[in-house]
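The values are calculated or read from the model by the stated rules, or taken from the named source; none is laboratory data. These figures come from a predicted structure and were not determined experimentally. Heads up, the Cβs are rebuilt from the backbone with ideal geometry, glycines too, and the neighbour counts pull from every protein chain shown. These accessible areas exclude ligands, DNA and RNA; they are computed on the full protein's heavy atoms, side chains included. Shrake-Rupley method; radii C 1.70, N 1.55, O 1.52, S 1.80 Å.
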Amino acid sequence: GITQDGAGLRARALDALDAARRRTLGLADCVEDGELTAQHSPLMSPLVWDMAHIANQEEQWLLRAAGGLDALRPEIDSLYDAFEHPRADRPALPLLPPGEARGYLTQVRGRALDVLDQARFSGAGRLLHGGFAFGMIAQHEQQHAETMLITHQLRRGPAALSAPSPGPAPSDVASLPSQVAIPGGPFTMGTDDEPWALDNERPAHRREVGAFHLDTLPVSNGAYLRFVEDGGYQQERWWHPAGWEQVCRHGWQAPLFWRRDGAGGWWRRRFGVSEPVPPDEPVLHVSWYEADAYARWAGRRLPTEAEWEKAARFDPATSGSRRFPWGAQPPGPHHANLGQRHLRPAPVGSYPEGASATGARQLLGDVWEWTSSDFGPYPGFAAYPYREYSEVFFGPAYKVLRGGGFGVGAVVARATFRNWDHPVRRQIFSGFRTACSSPCREGG
Ligand code: AVJ
Ligand code: FE
């Protein structure tokens, strides 16, 4: 359940911190140290920056703020402050070399576990209440593990990572309705009682959302290919003006990492391996502009953020909002593809046990889903514990993504979690599904 006793919270915090650290080290240890300090893309930090930044955030929040300890190395804080140095400039900074970054991670974690041992989770102030600071730091590390995974995807050279492939989609996929119907009316968006929810998910509030239909499944590569082959990237009419400008300036013709061979077949590069584009997998590495253009071409539109959350949470039988599409139980391997268990999304229609009340599948895991909404505060928002987590990003420059991808751990996957990025971004593990207002007609 949502409320747990001290021992339960301590165990959950320990698990979440462990899971995040296994990912960080796995993503670092699979390449030579020279690759940790290299710049694989100007869009990304060197991997060794993420490593020490993870440790530095943990030091700031678990050791100093929660534990009351003195700074271990105050002189390096500014190197790992994401606002002081743009990503492209980070390779030139006097960063801790790989061995020292590993040592820093280990040293901080040892002390953080001491703080966890001593911590009281109620009556001790907001930072520790419900184990929040530990949950926040585990989520921070998982988000950077995803960032490191994106760096791996951008990196050239032979494959360094491996994971088992997901199984085939279940046999009922062909018989699923293409859309689910979500009834109109108010629902509870956001949360007050999810102990590890971040500031931008709060507070819970009633939101009116009219009746709409949402795709049962994420848009697949096969469906997206029909847009590509129908000349979607050559026709200005489908595109937001700023998106059309990107298409023209960069020569976009298909999702990032795709290429066409001489015979017209489509291939993609995935973590150092070239392979045919699998038609039944959710489309990946599309910008908001591409998702928006596809939706228009399909006579539909992207869901708003509120629609997405209502589809993921609303149970028409009780009119209540669930924590996860399937209910209250935290994500397990039967619910969703998370935490890099597979190095790719699972086929559309996978995870029937993870379906929402109205039957939508894969709302959590597999691919982050673009919504039509700008990233903004809920009514009554209060920045916590630092303005730079969410507040400084509010505004029209960022679009909201929901649901979590295969590259992020379960601690970040819940139906209220909000991610955001610029609408031009396509190196992220982004896909989408489409919607229309009921009754649906051409034009969404
Ligand atoms: C929520 C994924 C946009 O990576 O910029 C990491 C998460 N914030 N460190 C990001 C984050 C501070 C953030 N996103
Ligand atoms: Fe960070």
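Distance from the C-alpha centroid of region 361-396 to that of region 196-234: 15 Å, rounded to the whole angstrom. Using the Karplus relation 6.51 cos²θ - 1.76 cosθ + 1.60 with θ = phi - 60°, the per-residue 3J(HN,Hα) values for region 254-264 come to 5, x, 4, 6, 8, 8, 9, 8, x, 8, x Hz, with x marking Gly and Pro.
Calculated FRET efficiency, SER175 and VAL273, Cβ-Cβ r, R0 30 Å, to nearest 0.05? Rounded to the nearest 0.05, the efficiency is 0.35. Mind checking which of GLN107, GLN139, GLN153 has the largest fluctuation in a GNM of the chain, springs on alpha carbons under 10 Å? The residue that fluctuates most here is GLN107.
Sites listed here are GluC sites (Glu not before Pro) in region 343-437 whose DSSP assignment is loop and whose Cβ has at most 16 other Cβ atoms within 10 Å: GLU388. Extending 7 Å from the Cα toward the beta-carbon at both ARG73 and ASP374 defines two label points whose distance is 4.0 nm. For region 297-316 versus region 22-43, the spacing of their alpha-carbon centroids is 37 Å. Of the options ALA133, PRO168, PRO98, report the single residue whose Cα projects farthest towards the positive end of the charge dipole of region 94-184 (beta-carbon charges: Lys, Arg +1; Asp, Glu -1). In region 94-184, that residue is PRO98. Out of the total accessible area of the chain (probe 1.4 Å, heavy atoms of protein only), what percent is carbon and sulfur? Roughly 52 percent, rounded to a whole number. Using the Cβ-Cβ distance between ASP193 and THR106 with R0 set to 25 Å, the FRET efficiency from 1/(1 + (r/R0)^6) comes to roughly 0.10.
Scanning the chain for DSSP H helices at least 27 Å long along the axis (C-alpha atoms) with a Kyte-Doolittle mean no lower than -0.5 picks out 6-29, 132-154. Cysteines of the chain lacking any other cysteine Cβ under 4.7 Å from their own Cβ: CYS30, CYS248. The residues of the chain present an accessible area of 39 Å² per residue when probed at 1.4 Å with all protein chains retained.
Placing unit charges on the Cβ atoms only, positive for Lys and Arg and negative for Asp and Glu, gives the chain a dipole magnitude near 660 debye about its Cα centre. Protection proxy ranking, highest mean first, for peptides 237-247, 299-309: 299-309, 237-247, where packing is the per-residue count of other beta-carbon atoms within 10 Å, averaged. Mind running the shape call on region 202-272? Use the C-alpha gyration tensor, a ≥ b ≥ c as the square roots of the eigenvalues: rounded below 1.5 for a/c, prolate if a/b tops b/c, oblate otherwise. In terms of gyration-tensor shape, prolate. Extending 7 Å from the Cα toward the beta-carbon at both ALA92 and HIS240 defines two label points whose distance is 3.2 nm. Amide H contacts of GLY431 (H built 1.01 Å from N, in plane; Pro and chain starts excluded): TRP368, GLU369, TRP370 sit under 5 Å, all sequence-distant by 5 or more or on other chains.
A DSSP coil position with no more than 16 other Cβ atoms inside 10 Å describes the following trypsin sites (Lys or Arg not before Pro) in region 142-226: ARG156.
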